[in-house]
1. Looking at segment 41-68, which of its residues are in a loop (DSSP other than H, G, I, E, B), modelled with pLDDT under 80 and either of a type outside the set (A, V, I, L, M) or exposed (fewer than 14 other Cβ atoms within 10 Å of the Cβ) (or both)?
2. With the requirement that a residue be crowded, with 16+ Cβ neighbours inside 10 Å and farther than 20 Å from THR95 by Cβ, what does segment 118-167 give you?
3. Taking the stated definitions as given, is LEU138 more than 18 Å from VAL98 (Cβ to Cβ) and touching a helix residue (DSSP H, G or I) at 6+ places or on another chain (Cβ under 7 Å)?
Amino acid sequence: MGRPSPDLRSRLTFGKSPVRESRTPGPVRGGRGNPVPLPRQALKSGCKVQRSQIRTMDALLPLIGMCTVVAMRLVQMRDDARANPEQIVEESEETIQVLAAAIGKPDKTLRTKRGFLRGVAMLGGFFGRKCDLQPGWLTIARGWYELQTLLRGVEIGRALASRRLTT
């Protein structure tokens, strides 16, 4: 397969955004932490759209659409955890149990939005020390993908175990 056309390559670079974010604290940023990510950052760094092996625009557009939704959901989850840190998280019991086992922490610490988000970020490389600031969206994205992989492994293990019991 040949190289993508120059037109397609220029669209894959997601060009520079004309709106640049200020590095000064403001109401959007909550005073500290990472700025709200630009859509191109979420797609390039978080979802790694450019690393996909898809080379046609018709096949690439659904991938970009799906990754945009995932990236914005993770940013929304981060902002919600910062705004309401002690609120109970709306995740399944199985998800909390798998996360607790993966990071080696008791599941009761992961029941709040802040605790759950920090747990997910720990899967993505966040240390979670007292001196650390809040995790960024890219670390949360890495942890979220890791958690989804672990949950898929639990589903496969459960399917294999039920298959052994029936045979």
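The values are calculated or read from the model by the stated rules, or taken from the named source; none is laboratory data. What you see is a predicted model; the values in this text were computed from it and never measured. All Cβ positions, glycine included, derive from the backbone under ideal geometry; neighbour counts span all protein chains shown.
1. Applying the first criterion (in a loop (DSSP other than H, G, I, E, B)) to segment 41-68 yields 47-48, 52-56.
Restricting the remaining residues to those that are modelled with pLDDT under 80 gives 47-48, 52-55.
Scanning segment 41-68 gives CYS47, LYS48, SER52, GLN53, ARG55.
2. The answer is GLN134, GLY136, LEU138.
3. Numbers: more than 18 Å from VAL98 (Cβ to Cβ): yes; touching a helix residue (DSSP H, G or I) at 6+ places or on another chain (Cβ under 7 Å): yes.
Criteria met by LEU138.
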